[in-house]
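Take a look at the structure below.
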Amino acid sequence: MRLNKIKRICFFLGIFFLLMTIAGCASGPERHPVPPNLTSKVGIPGIPNLRTWGDEVPKFAQEMFDTFTDADYRKHFSAFYKKPHYYLAISGGGPNGAFGAGLLVGWTAAGTRPEFTVVTGISTGALTAPFAFLGPDYDDELKTVYTTSSTKDIIEERNIITALFGDSMADTKPLKALIAKYINSNIIDAIAREYKRGRRLWIGTVNLDAGRPVIWNIGAIAASDHPHKIELIHDILRASAAIPIAFPPVVIPVEIDGKRFDELHVDGGTGSQVFVYPAAVNWRKIAQKLKVQGDPKVYVIRNSFLEPDYQGIKRKMLPIASRTIDSLIRTQGIGDLYQIYSLCERDGNDFNLAYIPSDFTEEQTEAFDPVYMRKLLELGYQMAREGYPWQKYPPGYAIKP
């Protein structure tokens, strides 16, 4: 089954949790959640334009595009004012993120990889996105992450008692250390420099308290003077990959008027498997304001299989639950691709899609199997080096005759 083992086990246990009254009696660490009337007002002092809800127009962006002059655009968006635009969206997919990593490295080898105007990432895509954003000079780091890491480098499994009275089946302390190792101060300084040129790196999480997607402006954080900006970026990247029940949610402190609260953030895939920008945004207007040359090109890397695979399922709860979750994630991802395609049609963008072909049949021996990931990375590399056949429509889309 293509959904990796750790997800399957933890979703099963999620169902088990719902049936266990003991879970309702257990209490976790003390929290100070944000009051409902303040959810859209809290923030982190010292970091302007920190984030936005993924389902609405960012207020600061709307104000900017209503008031900026041509001189302002030229000053603040020098990297892509009056130039072609290239947007890259990298999806979730756990160890399947190796496919996207290989594709990017092979794209470099082909000599046709552009400098991306905007890069977005969710879950494993969030871990790929900083390297993709900074360009080919960071391909070696990208390859290393996806060819030398194994399950023990990502999670520590908890015993059943700890899990029942805790917030997840595994601890992501190893992932935290891995992120800190590769997303270091030099990387963050480089992200800040690109942000000042106008380029954008957006990472998606879901605010579990509000039940809404959040888009974090990583460049704005990197360019700020906040004393804990490095730790904050690490937390956001870890939160974006925090599969509910499997991995613990990440607590992010926020405040307003000197009052401190905390938010719980989890895997961005809980809201969508991949995104480019909020549907509520009039991107055609933005492109006009920035005097984009030609149609913006949208590249979507879906780190997953999209074609259905037949399996004879045993009439038992766990196989039925596993197959159901697998199907839900696959179809949700396809729905996200249709939304992105629809936005491209609406806004005049050129749609391009890459995903794992069905003839890749390597099996995983563990949740994050380095042998599996190396082979998948090599597949992505070879396909891109030879000129990746980007698909111009979402799967199953009927082209008019």
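Restricting attention to the chain, close to 50% of DSSP beta bridges with both partner residues there are antiparallel.
Rounded to the nearest 500, the 222 nm mean residue ellipticity of the chain from helices alone is -13000 deg cm²/dmol, with -39,500 (n - 2.57) taken per DSSP H run of at least 4 residues. Grab the other residues whose beta carbon is less than 14 angstrom from that of Gln391, score K and R as +1, D and E as -1, and report the net. Residues near Gln391 contribute +1 overall.
In the chain, Cα pairs under 8 Å separated by at least six residues give a relative contact order of 27 percent. In the context of the full set of protein chains, residues of the chain present 46 Å² of accessible surface per residue (probe radius 1.4 Å, heavy atoms only). Could you tell me which GluC sites (Glu not before Pro) in the stretch 297-401 are loop residues by DSSP with no more than 15 other beta carbons within 10 angstrom of their beta carbon? Filter output for the stretch 297-401: Glu362, Glu363, Glu366, Glu386. Can you tally the net charge around Ile313? Count Lys and Arg as +1, Asp and Glu as -1, for every other residue whose Cβ sits under 11 Å from the Cβ of Ile313. That sum, taken over residues with Cβ under 11 Å, equals +3. Where [x] 1.07; [y] 0.98; [z] 0.95 are the candidate values, the label of the one calculated here for Rg/Rh (Cα atoms, Kirkwood Rh) is [z]. Counting Lys and Arg as +1 and Asp and Glu as -1 over every other residue whose Cβ lies under 9 Å from the Cβ of Val119, the net charge comes to +2. Accessible surface comparison of Tyr182, Tyr393, Tyr277, probe 1.4 Å, protein chains only, largest first: the order is Tyr393, Tyr182, Tyr277.
Counting only protein heavy atoms and a probe of 1.4 Å, the accessible surface of the stretch 194-236 is 52% carbon and sulfur. Partners of Lys82 within straight-line reach, counting lysines whose Cα lies under 26 Å from its Cα and excluding those fewer than 8 residues away in the same chain: Lys59, Lys196, Lys285, Lys289, Lys291, Lys297, Lys392.
The values are calculated or read from the model by the stated rules, or taken from the named source; none is laboratory data. Just so you know, these numbers come straight off a predicted model, no measurement behind them. Neighbour counts run over all protein chains shown; Cβ positions are idealised from the backbone, glycine included. Quick note on the areas: whole protein, heavy atoms, side chains included, nothing else; ligands and nucleic acids left out. Shrake-Rupley method; radii C 1.70, N 1.55, O 1.52, S 1.80 Å.
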